[in-house]
Structure formats: structure tokens, C-alpha cells
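What follows is calculated from the coordinates using simple rules that are stated; it is not laboratory data. Bear in mind that the values here come from a model prediction, so they are computed numbers and not experimental data. With ideal geometry, Cβ positions are generated from the backbone for all residues, glycine too; neighbour counts draw on all protein chains shown.
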Amino acid sequence: METIYLAGGCLWGVQAFLKTLPGVVETEAGRVNGSTNTVDGAYDGYAECVKTVFQPEVSDVEQLMSYFFEIIDPYSINQQGDDVGPKYRTGVYSENKQHLEAAQAFINNRTDHAEIAVEVLPLSNYVRSAEIHQDRLDKFQDDYCHIPRKLMDKYK
């Protein structure tokens, strides 16, 4: 098993989507690459993300990136859907250098790579979100999400 952290705007829909993908065995809502060790509401530079544990022999980083790009606007800076602000930026984070290289190669191989605003950075820290945010759209199906529901169910 390997772990990568994907930030795609509001984490609720991102988690709902990622947990349906082939090879993804566990997801957890959280915050990534902030300037503190806790999240107290101010977020201190954190991006909302989903910690994603996956089987690379089923879906490698390149395949995960392909799925991820189905649910984000990769050109938008600090916004996905109606959610606006730095905590809604898009990014790929990992402690594994090969993950970052694969993610960057995926972006660089696209014809629109110069316009893509997705961060690809080493993981500096991660904080798990409160329980109310874990699998939120399973608990509260009418909550807002920038990802269309039909897309969230595409790989179920």
C-alpha cells in the first residue's frame, strides 16, 4: 500500500469520489501543508485534502491523476466550484519522491500543462479533519458539493 494526498477543493466530494476508485483501499478527510500542527478554524495555510491509501499495482499515481483531473478544474487558483480561498487550492502531496515525479510528469505530458495550477509538493504536514467531515456526503447527502453526483458514482 502507498499513500498520496490529493487536494481538490472541498474535501467532502473529493473523498466521496476517491473512495470509489479501483485500487483505493482507504480515504481520510484532512488538511495538508499548513504552517501549524493543528487546525483550529483559521487553517493557517492548509489545503483541504484527502489522504488516499492505494494499491499501486491496481491504480498507479498516473491513473489516480487521470481520475483526479475528472473532478477538478486544474486551471483555477484557490477555487473549485463555489468554494473560494487558499484552502480550496488543488494539489498533490506526498512523502514519496516517485509519486511527485509521476504527478508532475502527468501534468507535463498534457498539451495544456503551462496553464495548470495544481501544486505538486512534498508533504510537510497533515492534520486529520474532525469526525463530522469524514465521509460527510454519506452522512448528509444534501450537502453542497462542486462535483456532480453522477461523477462521484462513476466508478462504483
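Does the chain classify as rounded, prolate or oblate by the C-alpha gyration tensor (a ≥ b ≥ c root eigenvalues; a/c under 1.5 gives rounded; else a/b over b/c gives prolate, otherwise oblate)? Because its axes are fairly even, with a/c under 1.5, the chain counts as rounded. I need the Kirkwood Rh of region 1-92: take the reciprocal of the average 1/r across all distinct C-alpha pairs and report it in angstrom. The answer is 13.2 Å.
For GluC sites (Glu not before Pro), the sites in region 1-100 that DSSP calls loop and that have at most 11 other Cβ atoms within 10 Å are 57.
Counting other Cβ atoms within 10 Å of each Cβ, which chymotrypsin sites (Phe, Trp or Tyr not before Pro) in region 64-138 have at most 12 and sit in a DSSP loop?
For chymotrypsin sites (Phe, Trp or Tyr not before Pro) across region 64-138 that sit outside H, G, I, E and B with at most 12 neighbouring Cβ atoms in 10 Å, the list reads 75.
Just to be sure I understand: of the beta bridges DSSP finds with both ends in region 2-153, what percent are antiparallel, rounded to 5?
Taking every DSSP beta bridge within region 2-153, about 85 percent pair in antiparallel fashion.
Spin-label model, residue 57/residue 130: points 7 Å from Cα along the beta carbon direction are separated by 4.1 nm.
Each stretch of four or more DSSP H residues adds -39500 (n - 2.57); spread over every residue of the chain, this sum gives -6500 deg cm²/dmol at 222 nm. Annotation note: trypsin sites (Lys or Arg not before Pro) in region 79-136 located in DSSP loop regions with a Cβ neighbour count of at most 15 within 10 Å are 110.
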